[in-house]
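A quick write-up on the structure given underneath.
The values are calculated or read from the model by the stated rules, or taken from the named source; none is laboratory data. Just so it is clear, the model here is predicted, and its values are computed rather than measured. In this analysis, Cβ positions are derived from the backbone assuming ideal geometry, glycine residues included, and neighbour counts consider all displayed protein chains.
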Amino acid sequence: MPALKTLLRLKLKKAKRIAVLGVGSDLRADDAAGMLAADFIQKSFKKKNGRPTLKVFFGFSAPENVTGEIKKFKPTHIIIIDSADMGKKAGAVKLLEPERIANVSFSTHQLPLKIMVDYLIISLSCKVIIIAIQPKTLKFAGSLSKEVKSCAKLISNTLAQTLKEL
């Protein structure tokens, strides 16, 4: 994931407080990709006293429910990790600009992700980075695919390496 690392380094260059928001439903197989990545990130950063300050939030299928907690944290940057159908190979990752997410299918949310992102940008004057993971399956009560599990771990490692270099 060298391209992701390069993009994250550029986007997080002046970050002081980073909120990571994992999104998805663990009831729908690979839709839990964002939640799994957020869990990996939280576990890896408990052991590290790094800069900038990082806090992980779990939004499940209603990420708008944690916007109050995120606002209290006052992040300069928010990283949202979610599964999204981009028509790519399972486990593919793409960094999306907030203004371009209207054309991507984030199908399991109660409120469209674009509305929540716009609200956070206006409320906090922060930068928002969206990391989308291509699911293999969204089957109800299905298991996470090995491609998506591997991708979630790689995202966690890539973010950890990137923050060490800031």
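Structure data summary
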| read-out | value |
| --- | --- |
| Test for VAL128: is it β-branched (Val, Ile, Thr), under 16 Å from ILE79 (Cβ atoms) and either within 18 Å of the chain's Cα centre (by Cα) or buried (at least 19 other Cβ atoms within 10 Å of the Cβ) (or both) | yes |
| Residue pairs meeting the criteria (Cβ under 8 Å; at least 6 apart or on separate chains; first at positive phi, in region 76-97; second surrounded by fewer than 17 Cβ atoms within 10 Å (Cβ to Cβ) and modelled with pLDDT of 95 or more) | GLY91/SER150 |
| Residue among ASP85, ASP39, ASP31, ASP26 that alone is surrounded by fewer than 18 Cβ atoms within 10 Å (Cβ to Cβ), under 26 Å from ALA141 (Cα atoms) and in contact with a Gly (Cβ under 8 Å, 6 or more places away or on another chain) | ASP39 |
| Hits in region 131-141 (condition: over 12 Å from the mean Cα position of the chain (by Cα) and either over 20 Å from GLY87 (Cβ atoms) or not in a loop (DSSP other than H, G, I, E, B) (or both)) | PHE140, ALA141 |
| Filter result for ARG17 (over 18 Å from LEU96 (Cβ atoms), surrounded by 19 or more Cβ atoms within 10 Å (Cβ to Cβ) and charged (D, E, K, R)) | no |
| Filter result (modelled with pLDDT of 95 or more and among the basic types (Lys, Arg)) within region 89-100 | LYS89 |
| Residues of region 18-44 satisfying the condition of being of a type in the set (Val, Ile, Thr) and in contact with a Lys or Arg (Cβ under 8 Å, 6 or more places away or on another chain) | ILE18, VAL20 |
